[in-house]
Amino acid sequence: MNHPLAGCGVIAVLALSTPAVAQAPGNVLLIVADDVGVDGIGCYGHPNAAPTPVIDGLAAQGVRFTAAHVCPTCSPTRASFLTGRHGFRTGVGQAIGGVGPEGLPASEVILPEILSPANVTSALIGKWHLGTSQGVSTPIFMGFDVFTGALQGSMSSYHQWMKIKNGQTTLTTTYATTDVVNESLEFIQATSTPWFLIASFNAAHSPYEAPPSHLH
């Protein structure tokens, strides 16, 4: 959490055209990898980076930023990219949990609220980590149309965790990273309007567990 290069994570934004929807906004997929800095991605040339061929491929076909800034911890960066405001303005200046801020204030205007008048359906799939003031409906209360995932900053295990979907909390044994992908694909396939999707992975944040063998 305190590595100077490891903020909320690597953020990849893919704007996808929607030719079937004339004069409508394009779809946007925002991918967040938690606690991953440039030292952990191959395309940035760090000598100790793990092999990251898929991310390297995305960078080769897109834009790779070399002068970007994030806060070196989870919640402030998440609050900043949703609001466009620094932590000292949102009140989220440190990781939420235990001690510190209760969460992102409801008075803050976030991206889904801005996109809603344009008939853009918004979803957050995966990690929230911006408070629990409205219980399991917190991201929905804040403006998202769909939320499936976990509210807390870290899980006890990626292999067995408490999942929130449609306002209901259940114990799941689906590997958390796989679950984010499955739920994201389900949302995309089920949404006929333009959409804004944040695929917010808990990985590579602790706990440091090997994925299921079929994903190695």
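The values are calculated or read from the model by the stated rules, or taken from the named source; none is laboratory data. If you're wondering where the values come from, they're calculated on a predicted model, not measured in any experiment. Note: ideal-geometry Cβ built from the backbone for every residue, glycine included; neighbour counts use all protein chains shown. The accessibility values were calculated without ligands, DNA or RNA, using every heavy atom of the protein model including side chains. Shrake-Rupley method; radii C 1.70, N 1.55, O 1.52, S 1.80 Å.
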Report summary line: Along region 45-58, Karplus-curve 3J(HN,Hα) (6.51, -1.76, 1.60; θ = phi - 60°) to the nearest Hz, with x for Gly and Pro, reads x, 5, x, 9, 5, 6, x, 10, x, 5, 5, 4, x, 4
Report summary line: accessible surface per residue for the chain, probe 1.4 Å, DNA/RNA/ligands not counted, whole Å² -> 53
Query raised in the report: For the chain, what % of the accessible area comes from carbon and sulfur atoms, probe 1.4 Å?
Result: 58
Requested in this report: In whole Hz, with x marking every Gly and Pro, tabulate ³J(HN,Hα) for region 73-84 from phi via Karplus 6.51 cos²θ - 1.76 cosθ + 1.60, θ = phi - 60°.
Outcome: 6, 5, 4, x, 5, 4, 5, 5, 6, 7, 9, x
Query raised in the report: Given the options 200, 133, 192, which has the most mean-square fluctuation in a GNM of the chain, springs set between C-alpha atoms less than 10 angstrom apart?
Result: 192
**Report entry** Residue-averaged 222 nm ellipticity for the chain, from DSSP H runs of 4+ at -39500 (n - 2.57), nearest 500
**Finding:** -6000 deg cm²/dmol
Report task. Can you bin region 71-165 into rounded, prolate or oblate? Criterion: square roots of the alpha carbon gyration tensor eigenvalues sorted a ≥ b ≥ c, rounded for a/c under 1.5, prolate for a/b above b/c, oblate for the rest. Result -> oblate
Query - For region 56-125: rounded, prolate or oblate by the Cα gyration tensor [a/c cutoff 1.5] - result: oblate
Report summary line: Most fluctuating of 27, 119, 202 in the GNM of the chain (C-alpha, under 10 Å) is 119
Query raised in the report: What is the distance in Å between the Cα centres of region 176-198 and region 78-94?
Result: 25
Requested in this report: Work out which chymotrypsin sites (Phe, Trp or Tyr not before Pro) in the chain are exposed loop sites (DSSP not H, G, I, E or B, at most 14 other Cβ within 10 Å) and give the longest gap free of them.
Outcome: 66-207
**Report entry** Interchain or long-range residues, amide H under 5 Å from residue 27's placed H
**Finding:** 16, 18, 195
Query raised in the report: Going by the alpha-carbon gyration tensor, a ≥ b ≥ c the square roots of its eigenvalues, is region 58-216 rounded (a/c under 1.5) or, if a/c is not under 1.5, prolate (a/b greater than b/c) versus oblate?
Result: rounded
